[in-house]
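Beneath this line is the structure, given in structure tokens, with notes to follow.
The values are calculated or read from the model by the stated rules, or taken from the named source; none is laboratory data. Keep in mind the model is a prediction, meaning the values are calculated, not measured. Note: ideal-geometry Cβ built from the backbone for every residue, glycine included; neighbour counts use all protein chains shown. Keep in mind that these areas ignore ligands, DNA and RNA; they rest on the heavy atoms of the full protein, side chains included. Shrake-Rupley method; radii C 1.70, N 1.55, O 1.52, S 1.80 Å.
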Amino acid sequence: ALVIESDLTAAGAADAVLAAVTARFGRLDILVNNAGTNIRRRPEEVSDEDWHRVLDINLHSLMRLTRAAHPLLKAGGVGRVINVASIMALFGLPFSPAYAASKGAVVQYTKVLATAWAQDGITANAVLPGWIETELTDGARRHQPGLYERQIARTPAGRWGRPEDLGGIAAFLASDAAAFVTGAAIPVDGGFAAMG
């Protein structure tokens, strides 16, 4: 394992991270883009600074890292890009306009990658976590009283997800079993999206 601490919004950070990975392992086969943040404001309250901060982390850093990874993924002949979006790409919340916009853009960017890089042997898919118990959603629960209970009531599985609930889909998308799966946006949400 190799742990690299980096601010992916900084100029040159993507190249530095990938240089460290290839120096250690000699190649790159799978890229999972999972950096994300949220600033909870209603649309009329979002400042330009808030908007740009969320999009820079959630979307722009993903684009920079993925773009820089392309030659490495292509060189291996089989590459996998897994972008972590959110079911907020499909649904809106009144207090997450920048987050929802960024995650919707991640889904569309994933589809672009799938069509552009298929001939390079690279698949690109998005995972759309539902309500997962994380530090980020803990903040949402504090910000919105009753959120936890409302989401459980709407989720057929009857619970919030746990981070380990995302491992199976990521392992599948990274494997040879998913060689013909590209451009997909797959909810991992206990049935939340199926409720319409």
Compare THR22, THR115, THR66 in a GNM of the chain, Cα atoms joined below 10 Å, and give the one with the largest fluctuation.
THR22
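Only loop residues by DSSP count here, and only those with at most 16 other Cβ atoms within 10 Å; note down the trypsin sites (Lys or Arg not before Pro) in the range 94-164 that meet that. Write down the numbers at each step before the final one.
On the way: sites: LYS103, LYS111, ARG141, ARG142, ARG150, ARG154, ARG159; in loops: ARG159.
In loop regions of the range 94-164 (DSSP not H, G, I, E or B), the sparsely surrounded trypsin sites (Lys or Arg not before Pro) are ARG159.
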Provide, in order from the shortest bin, the percent of all Cα-Cα pairs of the range 1-78 in each 5 Å bin, continuing until the bin that contains the maximum pair distance.
3, 15, 23, 21, 15, 10, 7, 5, 3, 0
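Would you please classify the overall shape of the range 92-196 from the alpha carbon gyration tensor, given that a ≥ b ≥ c denote the square roots of the eigenvalues, rounded means a/c under 1.5, and beyond that prolate means a/b larger than b/c while oblate covers the rest? Spell out each step's value before the answer.
Details: a/c = 2.54, a/b = 1.76, b/c = 1.44.
Because a/c hits 1.5 or more and a/b exceeds b/c, the range 92-196 counts as prolate.
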Gap separating the Cα centres of the range 38-81 and the range 127-196, nearest whole Å:
19
Please build a GNM for the chain, connecting alpha carbons under 10 Å apart, and tell me which residue among ASP48, ASP120, ASP176 fluctuates the most.
ASP48
So, for the chain, what is the accessible surface per residue at a probe of 1.4 Å, expressed in square angstrom?
51
³J(HN,Hα), Karplus 6.51/-1.76/1.60, whole Hz, each residue of the range 120-127, x for Gly, Pro
8, x, 10, 9, 9, 9, 10, 9
Once amide H atoms are placed 1.01 Å from N in the peptide plane, what residues at a sequence separation of 5 or more from ASN33, or on another chain, have their amide H within under 5 Å of its amide H?
ILE82, ASN83, VAL84
Using each residue's phi in the range 97-111, evaluate 6.51 cos²θ - 1.76 cosθ + 1.60 at θ = phi - 60° and report the 3J(HN,Hα) Karplus result to the nearest Hz, with x for Gly and Pro.
x, 5, 4, 4, 4, 5, 6, x, 5, 4, 4, 5, 5, 4, 5
Connecting every pair of Cα atoms under 10 Å apart in the chain and solving the GNM, the largest mean-square fluctuation among ALA23, ALA101, ALA75 falls on ALA23
Report the rotationally averaged projected area of the range 61-102 based on its alpha-carbon convex hull, in square nanometres.
3.5
Using a 1.4 angstrom probe on heavy atoms only, work out the carbon and sulfur share of the accessible area of the chain in %.
56
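Report the relative contact order of the chain, percent, no decimals, based on alpha-carbon pairs under 8 angstrom and at least 6 residues apart. Present the calculation step by step, with values, prior to reporting the outcome.
Details: 307 pairs, mean separation 42.1, N = 196.
So the answer I get is 21 percent.
Assuming 1.002 mPa s and 20 °C, estimate D for the chain with Stokes-Einstein, Rh taken as the Kirkwood radius over Cα pairs, in µm²/s. Provide the component values of the computation, followed by the final result.
Numbers: Rh = 17.5 Å.
The Stokes-Einstein estimate is 122 µm²/s.
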